[in-house]
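Working notes, beginning with the structure itself.
Every number here is computed from the coordinates shown, using simple stated rules; none is lab data. Note that the coordinates shown come from a computational prediction; the quantities given were computed from them, not determined experimentally. Reconstructed Cβ throughout: ideal geometry from the backbone, glycine too, with neighbour counts over all protein chains shown.
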Amino acid sequence: MEATQNRNIILLTQICKRFGWLDALQGIDLQVKPGECIALLGQNGAGKTTLLKTIAALIAPTSGQVQIQGQNPRQARSAIKRQIGFAGHQTFLYGGLTAEENMRFYGRLYSLESLPERIEQVLQTVGLRHRRNDRVSTLSSGMQQRLSIARAILHAPPILLLDEPFAGLDLGFTEKLQELIAKLNANRTTILLSTHDLNLALDLCDRLVLLRNGQLQIDCAPNQLPPEQWAAYLKGTA
């Protein structure tokens, strides 16, 4: 049991990603144990979204190695995608389909058993049962974001990646999403989320990772630095 707990569920080794002349990620080393909840912090352009998409196998690194559950996403892309739920700025939802039809589509991709019951559960979780028959294109941006989160957790993945999940949400669901993240993490879901909200990161996460100009600057427990120092790092004044 101890060996399993100490094995990294995510292992990044010297990850670099270049877009033309831009070095979005520069030599990132990151080890994540099962059940950890990690906040990625940093100013816009620091590399948070690129890092999450690299872990999710949505983009390939220019160099370096990614391992998810001990596997290389380049060699086991389909299997890796089943291990990961990703919700980001792009919802990956089909506007011409209803909320329920979108969930059914993704559920079939994952060959989920008891799919109707699971769809009912996740729509209830994100507070969209009453909009299940509405086309996604008619939903507000906040509701579409909620549905994107429902899509990400539909297959109960052991790894959940959330890119600015609280941006654009109404205040009522912001609190519910915090509760959902805490509940999933308590059930040993490994969670990495990017956020600009320092207080939220301090409350929810057991590790904070600060990126600056594509480089990993700090990786430690929240209480290893005082909140004012974290704030200074986020503002770029430290």
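Values for this structure:
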item: Candidate aspartates and glutamates - alpha carbon under 19 Å from Lys183, same-chain residues fewer than 8 apart omitted; result: Glu36, Glu120, Asp163, Glu164, Glu175, Asp203, Asp206
item: Point-to-point label distance, Cys220-Thr237, nm (Cα→Cβ direction, 7 Å offset); result: 2.0 nm
item: Whole-Hz couplings from phi, Karplus 6.51/-1.76/1.60, listed for the range 51-60; x for Gly and Pro; result: 5, 5, 5, 5, 5, 6, 6, 7, 9, 9
item: For peptides 79-88, 56-65, sequence by mean Cβ density within 10 Å, most packed first; result: 79-88, 56-65
item: For the chain, calculated [θ]222 nm from helices alone, where every DSSP H run of n ≥ 4 adds -39500 (n - 2.57); result: -10500 deg cm²/dmol
item: Simple Cβ-charge dipole of the range 173-238, Lys/Arg +1 and Asp/Glu -1, about Cα centre, in debye nearest 20; result: 180 debye
item: Cα gyration tensor, the range 29-141 - rounded (a/c under 1.5), prolate or oblate; result: prolate
item: The range 16-28 - phi-based ³J(HN,Hα) in whole Hz, Karplus 6.51/-1.76/1.60, Gly and Pro as x; result: 10, 9, 10, 10, x, 8, 8, 8, 6, 10, 10, x, 7
item: Only Lys, Arg (+1) and Asp, Glu (-1) charged, at Cβ; the range 2-235 dipole about Cα centre in debye; result: 720 debye
item: Qualifying lysines (Cα of each under 27 Å from Cα of Lys176; at least 8 residues distant if same chain); result: Lys33, Lys48, Lys53, Lys81
item: Taking N as its residue count, the alpha carbon Rg of the range 2-235 over 2.2 N^0.38 Å; result: 1.00
item: Ranked packing of 206-212, 123-129, most packed first, by mean Cβ within 10 Å; result: 206-212, 123-129
item: Fraction of beta bridges assigned by DSSP in the chain that are antiparallel (%, nearest 5); result: 55 percent
item: Calculated from backbone phi, Karplus (6.51, -1.76, 1.60) coupling profile of the range 127-133 in Hz, x at Gly/Pro; result: x, 10, 4, 6, 10, 4, 9
item: Reciprocal mean inverse distance between Cα atoms of the range 143-188 - Kirkwood radius, Å; result: 11.1 Å
